[in-house]
1. Scan the stretch 360-381 and report the pairs whose first residue is under 13 Å from SER325 (Cα atoms) and of a type in the set (Asp, Glu) and whose second residue is more than 10 Å from ligand 1 (Cβ to nearest atom) and assigned to a loop (DSSP other than H, G, I, E, B), with Cβ atoms within less than 8 Å and a gap of 6+ or a chain change.
2. Can you confirm whether THR18 is within 16 Å of ligand 2 (Cβ to nearest atom) and of a type in the set (Val, Ile, Thr)?
3. Can you pull out every residue in the stretch 441-466 that is at pLDDT below 95 and within 16 Å of ligand 1 (Cβ to nearest atom)?
4. Looking only at the stretch 347-389, which residues are open to solvent by less than 10 Å² (accessible area, probe 1.4 Å), among the polar types (S, T, N, Q) and within 16 Å of ligand 2 (Cβ to nearest atom)?
5. Quick check on this structure: which one of ASP87, ASP64, ASP58 is acidic (Asp, Glu), under 30 Å from MET189 (Cβ atoms) and buried (at least 24 other Cβ atoms within 10 Å of the Cβ)?
6. I'd like the full set of residues that are in contact with a Pro (Cβ under 8 Å, 6 or more places away or on another chain) and of a type in the set (Gly, Ala, Ser), limited to the stretch 117-147.
7. Among the residues of the stretch 334-363, which ones are among the charged types (D, E, K, R), at pLDDT 95 or above and within 16 Å of ligand 1 (Cβ to nearest atom)?
8. In the stretch 376-415, which residues are farther than 30 Å from ASP477 by Cα and outside any helix (DSSP H, G or I)?
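The values are calculated or read from the model by the stated rules, or taken from the named source; none is laboratory data. These figures come from a predicted structure and were not determined experimentally. In this analysis, Cβ positions are derived from the backbone assuming ideal geometry, glycine residues included, and neighbour counts consider all displayed protein chains. Side chains are part of the model used for accessible areas, which takes the heavy atoms of the whole protein and leaves out ligands, DNA and RNA. Shrake-Rupley method; radii C 1.70, N 1.55, O 1.52, S 1.80 Å.
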Amino acid sequence: MTINTVQTTAIEGQKPGTSGLRKKTRVFMQPHYLENFVQSIIDAIGGVKGKTLILGGDGRFFNDRAAQVILRMCAAQGAKHMIVGKDAILSTPAASNLIRKRNADGGFIMSASHNPGGETEDFGLKFNGANGGPATEGVTDKIFERTKEINTYRILETHDADLSAPGKLTMGEMEIEVVDPIADYATLMEQLFDFDAIRSLLQGGFRIRFDAMHAVTGPYAREILENRLGAAAGSVVNAKPLPDFGGGHPDPNPVWAKDLMEVMMGQDAPDFGAASDGDGDRNMIVGRGIYVTPSDSLAVLAANAHLAPGYQAGLSGIARSMPTSRAADLVAEKAGIGCFETPTGWKFFGNLLDAGKATLCGEESAGTGSDHVREKDGLWAVLLWLNILAAKKQSVQEIMQAHWAEYGRNYYSRHDYEAVPTEHANALVERLRGMLGELQGQVFAGLTVESADDFEYNDPIDGSTSSRQGIRIVFADGSRIVMRLSGTGTEGATLRVYLERYQRADGHLDLAVDDALAPVVKAAEEIAQIQKYTGRDEPDVTT
Ligand code: G1P
Ligand code: ZN
């Protein structure tokens, strides 16, 4: 076996976004593309010599090939031990758990999350640190700097490792341990939740439907929900993971999980519906006849987490990304616990979780999680909901209504304008930035601007500052508009417009969401001239 030192040249555009590097699969498959990025990661983390690392991915097209390249590169550079999910599969939360449980130095996760998969769709790679969470901004910047100066990479010339069954192998001097991707994760879930109570609920006629969207969570959900908790066979649908996710868009929201929405809104709907995304970190929660927004879900989970054994002692604090609705803040305030507002992206929660400042975290983009791992976790959210439903013996609808009656309701929606020409999207944002100083006191669609800024985050733990994290316009009645450009898209720019309107507990709690938000939508158009800049009359996706 020889170690090859391969000459290469820097490739433009390898800047990791909100969550690792995501590109069209064919871009990743170009000569040296993956290798350059992997070498840049290895260099940025100070090499892999003597290290133990985790490797797995969501099983999308190119997952198997990329895994072999990563193994050969790590073997060439002295890694001691690679722990790899069978067939190079690991959901993102399961990978995070393994890093922590096995005291690994970090891990490579191959995924483009909820982006479609396949040869003509998207692929992605990210590195998580020893705490199990996405590389910090500092490490991410270093990786990007390396991609710009790299001129060689090292790779072992050898056969593919057989990853098709658990067991131990070697590659050069490196030990490869192939593990069952589900076992450790399922054990962790059993420790956090009252499986007996959930089992009784499910055996007492409570029906659930979990849509795995042909992505990585299928086998996890089958094992946990059907085998261990006794949900009826067939409760998990689209359970077989496919390299192209069956041609679908594995993003659990009412638009892409339309089939599930139809079942849940139809006659004889199950009591509880849920879905997860490509790599298993996102979740969608829907009751019979009622969709729960991710922002509301975070608030309800925070208010009731103590009903699950793993959170019996209460929460130290709650953290949410800035665009996420402020429903969770009201729960934190009432409970007298800390409340944190961070930029978009899970990496910003890591420090708060490590420092014990926050127990639960969430994002409006269907991400919820806790300090049990350092990633958001789709099945975890589903199990916490089921634990709460089992303990409260109420329907999803009843739980939501009681929550709003106690805290008030934050009507919320996100409008996405996708594949907008980058220069138009940038122009819209630049124009807004230029206007921020003058907005206060102005009235749009009957709403008076109380404050306007471009969100800047000062990390309370490491003191770092992240600026330009999104335009935030707050109105006197508590309504809010946030606008930012996506950091995960692979085509043009995606403008995200986040709309929120608050009604107090004694206000209107049962409006149609569109009606409640109508004035906020109008104000957003008046302020940002979205139609003019995007050339669209309507958003491409509304969630
Ligand atoms: C999106 C979501 C964000 C999430 C990220 C990774 O990022 O908005 O909340 O953390 O995907 O799943 P964006 O495309 O908005 O940068
Ligand atoms: Zn994901």
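1. Correct list of pairs: GLU364/THR293; GLU364/SER325.
2. Details: within 16 Å of ligand 2 (Cβ to nearest atom): yes; of a type in the set (Val, Ile, Thr): yes.
When the stated conditions are applied, THR18 passes them.
3. SER466
4. THR368
5. None of the other options fit; the residue is ASP58.
6. Result: GLY117, GLY118, ALA135.
7. Scanning the stretch 334-363 gives GLU341, GLU363.
8. At the first step, the residues of the stretch 376-415 found to be farther than 30 Å from ASP477 by Cα are 376-395.
Once the filter is applied, which keeps residues that are farther than 30 Å from ASP477 by Cα and outside any helix (DSSP H, G or I), the stretch 376-415 yields LYS376, ASP377, LYS393, GLN394, SER395.
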